[in-house]
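The values are calculated or read from the model by the stated rules, or taken from the named source; none is laboratory data. What you see is a predicted model; the values in this text were computed from it and never measured. Here Cβ is always computed from backbone atoms with ideal geometry, including for glycine, and neighbour counts include all displayed protein chains.
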Ligand SMILES: NC(=O)c1ccc[n+]([C@@H]2O[C@H](COP(=O)([O-])OP(=O)(O)OC[C@H]3O[C@@H](n4cnc5c(N)ncnc54)[C@H](O)[C@@H]3O)[C@@H](O)[C@H]2O)c1
């Protein structure tokens with residue numbers, strides 16, 4: 001909620017439509033006219049009627065990779081200004097932050113407004129953990145942790161959140177414990193993915209297939225398998241480690257491993273762009289004449305969300321080499337793509353390309369009529385950037401000579 005809420009989101013919800021692009025939460029949005037349901041962009045109107053206020057605003061990074069806490073501060077101010085004295089309203093931050101943000105950002109605002117914690121309000125932290133596009137880990141199926149300096153409020157929130165999810169809900173102590181838990185969950189994933197991405201660059205040079213290596217290693221009971229890829233996307237994993245790096249820098253402790261992992265994952269799109277350029281050069285297509293079509297643009301399969309997608313730096317690097325880039329993603333609107341990318345809405349119009357790159361494994365991208373697409377291409381090269389296609393099978397089915405290459409199988 002808040003005066004800066006997107007009116008378009010509110011309008012969609014008022015019509016009973018899901019504005020998130022995640023089909024798993026289609027049934028959460030109530031139908032218009034549902035009783036006990038009220039939606040407004042005005043915190044002043046909503047907050048006085050609430051015992052508990054959940055704040056789930058974006059926590060992005062700035063251009064220089066620093067945490068942008070302006071939404072947490074802005075939404076906090078809107079809510080606190082609307083709190084009635086003596087109401088003891090509980091305000092819960094759910095956004096992903098580094099340990100210390102909730103108190104450091106909100107305490108000065110609370111003091112400035114003359115409000116008193118314990119009388120007028122309580123603040124708590126309960127991180128959002130759901131996985132968009134993953135019906136097994138939607139908002140109603142993830143465990144929740146609650147941090148609050150007041151254990152009674154923490155336990156009251158356990159009762160409330162237990163109604164929202166079927167999984168474990170736990171009071172874990174002070175705010176900073178819950179804040180830190182959320183951020184390290186994503187830091188750990190970023191580091192694990194960085195390791196396989198680094199291996200995926202080493203093994204082709206050794207003439208060893210990384211997927212064969214991972215399958216072999218995964219036969220050991222304590223080996224955790226992660227999948228290398230074009231890059232790490234979305235607004236969580238590629239963003240949250242910078243929050244941890246910033247906090248460690250504030251207290252003068254090096255976060256070398258977290259920083260190195262981020263650098264590896266950040267470099268993947270430009271690495272893959274270099275590989276694509278080499279493949280086309282070897283097929284007789286110099287960069288200045290090349291045209292590449294990206295299939296899928298959103299950061300993960302079946303989700304209509306382009307934020308932090310690795311497709312964007314991949315396209316930027318290709319364009320910087322003089323390569324023309326087109327993109328097709330049936331989950332996105334034309335204005336989700338950058339201006340310098342040619343947006344293809346109908347694949348029958350995608351002709352003259354030298355290479356198609358499967359970037360996002362949407363079902364729609366996997367069931368393409370490859371034979372027709374290959375015939376429309378000038379140089380038919382297909383690069384499976386997700387290693388999800390059965391290339392042997394495709395080779396047999398597609399009549400046109402098609403050079404098929406799977407990710408990290410370049411040599
Ligand atoms: N969406 C996810 O998959 C997911 C999963 C886990 C954690 N998170 C975390 O949850 C937080 C929100 O992510 P999101 O993807 O839902 O963000 P989002 O970009 O969809 O924004 C959420 C809402 O915040 C509103 N908003 C923006 N600025 C505001 C302001 N100043 N005052 C009031 N409302 C404002 C927007 O209108 C929008 O409805 C982030 O910290 C993210 O890291 C998200």
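Considering only region 106-136, how many residues are within 12 Å of the ligand (Cβ to nearest atom) and within 18 Å of residue 75 (Cβ to Cβ)? Before you say what the answer is, go through the steps one by one.
As a first pass, look at region 106-136 and keep what is within 12 Å of the ligand (Cβ to nearest atom): 125-134.
Subset that is within 18 Å of residue 75 (Cβ to Cβ): 125-128.
Number of matching residues: 4.
Need the failing condition index for residue 139 against (1) within 12 Å of the ligand (Cβ to nearest atom); (2) under 28 Å from residue 248 (Cβ atoms); (3) surrounded by 17 or more Cβ atoms within 10 Å (Cβ to Cβ), just the number.
Answer for residue 139: the failing condition is (2).
State whether the residues of region 110-120 include one that is buried (at least 17 other Cβ atoms within 10 Å of the Cβ) and under 19 Å from residue 179 (Cα atoms).
The answer is no; no qualifying residue exists.
Whether any residue in region 38-47 is within 12 Å of the ligand (Cβ to nearest atom), under 30 Å from residue 330 (Cβ atoms) and in the same structural domain as residue 137 (by TED's automatic domain parsing) is what I want to check.
yes
Evaluate region 218-225: report whether one residue or more is more than 15 Å from the ligand (Cβ to nearest atom), part of a helix (DSSP H, G or I), out of contact with any helix residue (DSSP H, G or I) (no Cβ under 9 Å at 6 or more places or on another chain) and in the same structural domain as residue 268 (by TED's automatic domain parsing). Before the answer, list the steps.
Pass one, region 218-225, residues more than 15 Å from the ligand (Cβ to nearest atom): 218-225.
Checking the rest, the ones that are also part of a helix (DSSP H, G or I) come to none.
No: zero hits.
Name the single residue that is surrounded by the most Cβ atoms within 10 Å (Cβ to Cβ) among those in region 243-259 being part of a helix (DSSP H, G or I) and out of contact with any helix residue (DSSP H, G or I) (no Cβ under 7 Å at 6 or more places or on another chain).
Here is the first cut: in region 243-259, the residues part of a helix (DSSP H, G or I) are 243-250, 256-259.
Now narrow it down to the ones that are out of contact with any helix residue (DSSP H, G or I) (no Cβ under 7 Å at 6 or more places or on another chain): 246-250, 256.
Numbers: 246: 15, 247: 21, 248: 16, 249: 13, 250: 10, 256: 10.
Only one residue tops the list, namely 247.
Can you list residue pairs whose Cβ atoms sit under 6 Å apart, with the first residue in region 1-23 being under 19 Å from residue 95 (Cα atoms) and modelled with pLDDT of 80 or more and the second being assigned to a helix (DSSP H, G or I) and more than 9 Å from the ligand (Cβ to nearest atom)? Count only pairs 6 or more apart in sequence or on different chains.
19/12
Taking residue 54 and the conditions (1) out of contact with any strand residue (DSSP E or B) (no Cβ under 6 Å at 6 or more places or on another chain); (2) surrounded by 14 or more Cβ atoms within 10 Å (Cβ to Cβ); (3) at pLDDT 95 or above, which numbered condition does it fall short on, given that it satisfies the others?
Among (1) out of contact with any strand residue (DSSP E or B) (no Cβ under 6 Å at 6 or more places or on another chain); (2) surrounded by 14 or more Cβ atoms within 10 Å (Cβ to Cβ); (3) at pLDDT 95 or above, residue 54 violates only (1).
Which number in (1) buried (at least 20 other Cβ atoms within 10 Å of the Cβ); (2) closer than 30 Å to residue 250 by Cα; (3) in contact with a strand residue (DSSP E or B) (Cβ under 8 Å, 6 or more places away or on another chain) marks the one condition that residue 99 misses?
(3)
Against the definition (farther than 26 Å from residue 244 by Cβ, outside any helix (DSSP H, G or I) and in the same structural domain as residue 137 (by TED's automatic domain parsing)), how does residue 164 come out, yes or no?
yes
Considering (1) on the phi < 0 side of the Ramachandran plot; (2) touching a helix residue (DSSP H, G or I) at 6+ places or on another chain (Cβ under 9 Å), say which one residue 367 fails and leave the rest.
(2)
Within region 282-376, which helices (runs of 4 or more DSSP H) (wholly inside it) include 2 or more residues that are closer than 23 Å to residue 239 by Cα and out of contact with any strand residue (DSSP E or B) (no Cβ under 8 Å at 6 or more places or on another chain)? Step through it out loud before you land on a result.
Details: elements: 311-320, 363-366, 370-376.
Helices (runs of 4 or more DSSP H) meeting the threshold: 311-320.
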